[in-house]
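Taking it in order: structure first as structure tokens, then the write-up.
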Amino acid sequence: MQPLIVLENVTKVYRTEGEEVHALRGISLVVQPNEYVAIMGPSGSGKSTLMHILGCLDTPTSGRYLLNGRDVSQLDDDELAYIRNRQIGFVFQTFNLLPRATALKNVELPLIYAGVPAAERRERARRALEAVGLGDRLHHRPNELSGGQRQRVAIARALVVNPALILADEPTGNLDSASGAEIMRLFTQLWQLGNTIILVTHEDYIARYARRIIRIRDGRIESDTPNPEPVHLEQLPSMP
Amino acid sequence: MTRTELSEAIAIALDALRANPLRSVLATLGITIGVSFVALMGWFLAGLDSSLQHTINMLGEDMLYVDKWDWSGRTSWVEVSNRKPISYRQAQELADAVRTAQYAMPMGQTRAQLSVGSRKAESIPVAGVPHDYGNTPAGAVTRGRFFTEMEGRSGAPVAVLGPVIAKQLFPDEDPVGKEIRIAGQRFTVIGVVRQRGTLLSDFADRLVLIPLERFLRLFGSGQRSFITVLKAGSLERLDDVREEARLLMRKIRRLRPEQPDDFTINETRSLEQSIAVLRQSVWGVGLSMSALSFLVGIIGIVNITFVSVVERTQEIGIRKAVGARRRAIALQFLAESVVLCTAGAVLALLFCTGLVLLVRLLIPAAEFLTPYIPPQHIAVALLVAFTAGILAGWAPALRAARLHPVEALRYE
């Protein structure tokens, strides 16, 4: 099977005011389709930079990144936008929804840039929202939804393009623990349905849901191990 | 550019407009004022042109008027007023001698008091003309008739009224057959001239025509300057007639070869020339005013679009993260500034239409102006506003498009 992600000795150097910051100092990594990975590390470890590179929001300073067999480490802005649009679904800590748009409109957003016609767009967005349990909140704006509901809108937006990879950056960071548990249950279900999920977090109890845990420190991989005792769905409180 | 990207960009732009209506109106004020200038200028000039055309059609394009006065105002006023008047004898001599014209006749003009019973009108233009004048477009009657050759030669006390003076003296009845007094003498009204060019309404539509013989008897020929009216018959013969008339008149006025003409051969075209001066100044003032307001307007829109880019930085990050390309982001902000400018233009056109209707309602003298903004000027105004929008949106749109997605997402 072709690996979904291959990183070969990836580095990232930021230059700010003449000072060089080595955020990543040579990361090599292989992720197969339908893996459930948690990337962990304290703040400043380089895990956010790694996520940006994995998500094609940024390019490495050196090294290679093969996504689905294609080298994406040297692509320009628009080519990266195309890859993000077709292959990657993002879930952010701060939800990053458009405040003036309804849930439906927010989920439609990636489809607009994929050039999907309006009627099909609406239908697919509706189905994605139903899949995350928000079938009755289609026309609500973000400020009319709870934190957990907003994050589910964001997950629906990530899902709607059927991405090869779902990338979640501290997805429960702005949620209370009950809503956080709901969101993690949702990710776990999505993984069981065949999606590849990479979580970036600094919280152990979030990482416990994943099947593989990669720890980063000072821009290097410190450890990369299977999760010995992952959380199973039966142990979770059921969704309301 | 995909259709979905474009319709999304327009939807975002309209939404942004709805979100900040007051700010949008203020930002687009310069464009509104600029478009108003273009539209009002167009409206005024179109009115001027159509009434000029009207006037020319009324007088006939093949008419020449040999006069002491230069109607186009191109000869210096001092020079013109120093010319000797054209005597009745000279005007008649020219009319008799011209071979190439279809009609040639002398005409005298003055102003006099008119009265019907106790109703009086002061300083009404009165022209003495031969009966042939009835064959020119300016002498065409709608009601009654023009005077006959017999009446003309005998100097019968008959008058043909301009439509406006006819209405003024006889508001509720048919003037034909009624009696009026011109400078105290009795005349019978036998006809009313067709409604005329509105540009000369004050003069032409109030003009009273009487037989030249009667005119000479009533007002004398003394120091009065007469005009020779020439109708060439066709536009092709206009040059020949003008040249013949010029040579004959120089001989009649006994000019030496080195002396300039001490008369002017006016044409209905010379009206066009006198209008051209007005046109140019309207254009000059109007264009510079609107250019200035467009400049101010564009700066306003550039500014507000930059503000919008900053305000929406995080949104730009989100859109880029889910796959918006540079083009799509640029389009969004271009659409915003174009929508702003176009909205400003629409506002201006509504305002101007209101103003035009108001002017028509309140100022009767503006009757010659059309009651609407000419469609081609609306099209030009919208096109200019659209272009201004693209120009104004260009730099902010480029900046937005080039934002790095990670930095844009982090922006608070």
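For the reader, a short list of remarks on this structure follows.
- Relative contact order for chain B: 29 percent, from Cα pairs under 8 Å spaced at least 6 residues apart, divided by residue count.
- Taking every alpha-carbon pair in the range B:220-278 and binning the separations at 10 Å intervals from zero gives 18, 41, 35, 6 percent.
- In straight-distance terms, cross-link reach from B:K320 covers every one of the lysines whose alpha-carbon lies under 19 Å from its own, apart from those fewer than eight places away in the same chain; here that gives A:K105.
- Gyration tensor verdict on the range B:69-126 (Cα atoms; rounded if a/c is under 1.5, prolate if a/b is larger than b/c, oblate otherwise): oblate
- Take each residue of peptide A:95-106, count the partner chain Cβ atoms within 10 Å of its Cβ, and average: the result is 3.
- Rounded to whole numbers, the Karplus 3J(HN,Hα) couplings from phi for the range B:396-412 are x, 5, 5, 4, 4, 5, 8, 4, 7, x, 5, 5, 5, 5, 6, 4, 9 Hz, using 6.51 cos²θ - 1.76 cosθ + 1.60 with θ = phi - 60°, and x at Gly and Pro.
- Basic side chains Lys and Arg get +1 at the Cβ, acidic Asp and Glu get -1 at the Cβ, and with that the dipole of the range B:84-262 about its Cα centre reaches some 440 debye.
- Lys, Arg +1 and Asp, Glu -1 on Cβ, resulting dipole of the protein assembly as shown about Cα centre, debye, nearest 20: 1500
- Taking amide H atoms as placed 1.01 Å from N in the peptide plane, the amide H of B:G233 lies under 5 Å from those of B:Q102, each 5 or more residues away in sequence or on another chain.
- Listed by chain and number, the lysines whose alpha-carbon sits under 22 Å from that of B:K84, ignoring those within fewer than 8 places in the same chain, are B:K68, B:K251.
- Straight-distance crosslink candidates among lysines, where the alpha carbon sits under 21 Å from B:K178 and sequence neighbours closer than 8 are dropped: B:K120, B:K167
- Partner shielding of A:77-86 amounts to 5, given as the average count of beta-carbon atoms from other chains within 10 Å of each residue beta-carbon.
- Note, ³J(HN,Hα) from phi for the range A:17-29, Karplus 6.51, -1.76, 1.60, rounded to Hz, x at Gly and Pro: 6, x, 9, 9, 10, 8, 6, 10, 10, x, 9, 10, 7
- Angle in degrees between helix A:118-131 and the longest Cα principal axis of chain A, rounded to the nearest 10: 80
- In the full protein context, the protein assembly as shown carries 46 Å² of accessible surface per residue, based on a 1.4 Å probe and ignoring ligands, DNA and RNA.
- Sequentially through the range A:82-97, phi angles give Karplus couplings (6.51, -1.76, 1.60; θ = phi - 60°) of 4, 4, 4, 5, 8, 10, 10, x, 9, 10, 9, 4, 8, 6, 6, 9 Hz, Gly and Pro residues having no value and appearing as x.
- Buried between A and B is an accessible area of approximately 2200 Å², summed over both sides with a 1.4 Å probe.
- Cut-off under 5 Å, modelled amide H: who pairs with A:Y209 long-range: A:V231
- Listing of the range B:1-33 residues, each with accessible area lower by at least 50 Å² in the full protein assembly than in the chain alone (probe 1.4 Å): B:T4, B:E8
- Surface share of carbon and sulfur [accessible, 1.4 angstrom probe, percent] for the range B:97-238: 46
- Once the chain from A:D136 to A:Q189 is taken as fully extended at 0.36 nm per residue, the excess over their C-alpha distance is 17.0 nm.
- Built amide H within the under 5 Å cut-off of A:E35, gap 5+: A:I197
- Tensor-based shape of the range A:117-182 (alpha-carbon gyration tensor, a/c under 1.5 rounded, otherwise prolate or oblate): oblate
The values are calculated or read from the model by the stated rules, or taken from the named source; none is laboratory data. Nothing here was measured: the structure is a model prediction, and the numbers come from that model. When we count neighbours, we look across all protein chains shown, and the Cβ atoms used for this are built from the backbone with ideal geometry, even at glycine. Ligands, DNA and RNA are stripped out before the accessible areas are found, and what is left, the full protein with its side chains, is counted by its heavy atoms. Shrake-Rupley method; radii C 1.70, N 1.55, O 1.52, S 1.80 Å.
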